[in-house]
Amino acid sequence: MPATDRPKLGRNVIALSVVSFLTDVSSEMIYPLLPAFLSTVLGANASFIGAIEGAAETTAALLKLASGWWSDRVQKRKPLVVLGYVIASAMRPLVAIATSATQVLGIRVADRVGKGIRNAPRDALIAESVDPSIRGRAFGFHRAADNAGGVLGPLIAFAVLTWRIAGLRTVFLLAAIPGALAVLVVVFGVRDIPREVVGPAKPGLDLSVPLGARFWRVLTVIFVFTLGNSTDAFLLLRANQLGVPVALAPILWAALHLVKTASNTPGGALSDRIGRQKTLIAGWTLYAAVYLGFGLAHTPWQAWALFGVYGLFFGLTEGAERALMADLVPPERRGTAYGWYNLAIGLGALPASLLFGFVWDRYGPTTAFLMGATFALVAAVGLLVATAAGQQQRLPGRS
């Protein structure tokens, strides 16, 4: 097909990608510094750090289900997307004035409330804004922009701290600037997509409309993987254990996001060509290898190398997973499907992080990382089993 005839990403995908870029600049000015801030300034241990991140993501997940369903029902995605970005952008910089780990917990939960409101409607809006043949590429492009913000954010934090322009808390406060810009872009740059499908007519939260057996099988496997996918704060702690200085944590985090950015679009496009299943299995197997490496590593250079390879896992899975959710359900149920998808990930995030922190504190980081690798391998095998019943019907995303 000539380049001029290929489906284009379109205005919404570009605008939402810019929004995610700016939001991640804001978020990632804070996130790589947060574990050290919590442990050295506020005195939190690994278990409490895991509790903070797990509770925050679980809160977001519960709201994602409700907001996704509501966006299906009212036929409008944009108002919820705008509201979610406004809440998160307002709450995130408040870390600058936190004086206890408990306050950080409250701020992180409020930040994730915004994420919970916006993500499912936003993903459904992306899916509806492009031709199905490039859905994987569209989600990959969006994730690439998001991760590009993860490159710039830590670099800004590193520059401010290294050149002594301001202190740690001021860096957290400066994160309000890109957050405000993100809100402006989503308000003026994103349009709702008219839909002919009428949402459920009966009142109340109707979750009884079938989404299909394949959807639930795949979602169960994703949940299993999530149980071994604890917060990346533990990777930063492990890197520090291996000899990477706290001052270089933003650079390490930026390097990870650079690899994510470079691999997201090709990874999403790969799932359009060879199928979501193969792409996800490759990504989860790579994840297991990286976690095994973190468990056995003992030098700083190994931490840097593992962070780089870890970025490829995101490239293979972020776009493919989101595209698969849209592939498995009818258009009128996509908001709800993304809600369930995010709920599964969020509900797995809290026990995953709590369990990982407990095993780390009780048995050491090596055992904790080996546990994470095992969950990933079990999920990879589970995806083969879960999709075996549908072998005669090719998985979506397969050319």
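The values are calculated or read from the model by the stated rules, or taken from the named source; none is laboratory data. Note that the structure is a prediction, hence the values are computed from the model and not measured. Glycine also receives a Cβ, built like all others from the backbone with ideal geometry; neighbour counts cover every protein chain displayed.
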(message) Please go through (1) surrounded by 21 or more Cβ atoms within 10 Å (Cβ to Cβ); (2) touching a Phe, Trp or Tyr at 6+ places or on another chain (Cβ under 9 Å); (3) of a type in the set (A, V, I, L, M, F, W, C) for Ala96 and return the number of the only condition it doesn't satisfy.
(response) (1)
(message) Looking only at the stretch 221-231, filter to residues that are at pLDDT 85 or above and either small (Gly, Ala, Ser) or outside any helix (DSSP H, G or I) (or both); which one of those is surrounded by the most Cβ atoms within 10 Å (Cβ to Cβ)?
(response) Gly228
(request) Could you list all residues from the stretch 237-272 that are part of a helix (DSSP H, G or I) and more than 30 Å from Leu324 (Cα to Cα)? (result) Leu237, Arg238, Ala239, Asn240, Gln241, Val246, Ala247, Leu248, Ala249, Pro250, Ile251, Leu252
(request) Report yes if Leu350 is in contact with a helix residue (DSSP H, G or I) (Cβ under 9 Å, 6 or more places away or on another chain) and surrounded by fewer than 24 Cβ atoms within 10 Å (Cβ to Cβ), otherwise no. (result) yes
(request) Select from the stretch 148-163 the residues that are surrounded by fewer than 17 Cβ atoms within 10 Å (Cβ to Cβ) and either at pLDDT 85 or above or in a helix (DSSP H, G or I) (or both) and list them in ascending order. (result) Ala159, Thr162
(request) Looking at (1) assigned to a helix (DSSP H, G or I); (2) without any contact (Cβ under 8 Å) to a residue 40 or more places away in the chain, find the lone condition where Ala166 falls short. (result) (1)
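Matching residues to (1) crowded, with 24+ Cβ neighbours inside 10 Å; (2) touching a Gly at 6+ places or on another chain (Cβ under 8 Å):
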position	(1), (2)
Val41	no, no
Ile52	yes, no
Gln75	no, yes
Lys78	no, no
Arg92	yes, yes
Gln103	no, no
Val109	no, no
Gly114	no, yes
Asp131	no, no
(message) within 25 Å of Val25 (Cα to Cα), buried (at least 22 other Cβ atoms within 10 Å of the Cβ) and of a type in the set (Gly, Ala, Ser): is that true of Gly308 in this structure?
(response) no
(request) Might you check whether a residue that is in contact with a Gly (Cβ under 9 Å, 6 or more places away or on another chain), within 24 Å of Arg108 (Cβ to Cβ), part of a helix (DSSP H, G or I) and modelled with pLDDT of 80 or more occurs anywhere in the stretch 325-336? (result) no
(message) When the residues of the stretch 239-251 are narrowed to those that are modelled with pLDDT under 85 and of a type in the set (A, V, I, L, M, F, W, C), which ends up surrounded by the fewest Cβ atoms within 10 Å (Cβ to Cβ)?
(response) Ala247
(message) Name the residue that is farthest from Phe37 (Cα to Cα), counting only residues in the stretch 52-85 that are among the hydroxyl-bearing types (Ser, Thr, Tyr) and at pLDDT 75 or above.
(response) Ser71
(message) Step by step: first the residues of the stretch 72-114, then only those that are among the polar types (S, T, N, Q) and over 20 Å from the mean Cα position of the chain (by Cα), then the one that is nearest to Val329 (Cα to Cα). Which residue is that?
(response) Gln75
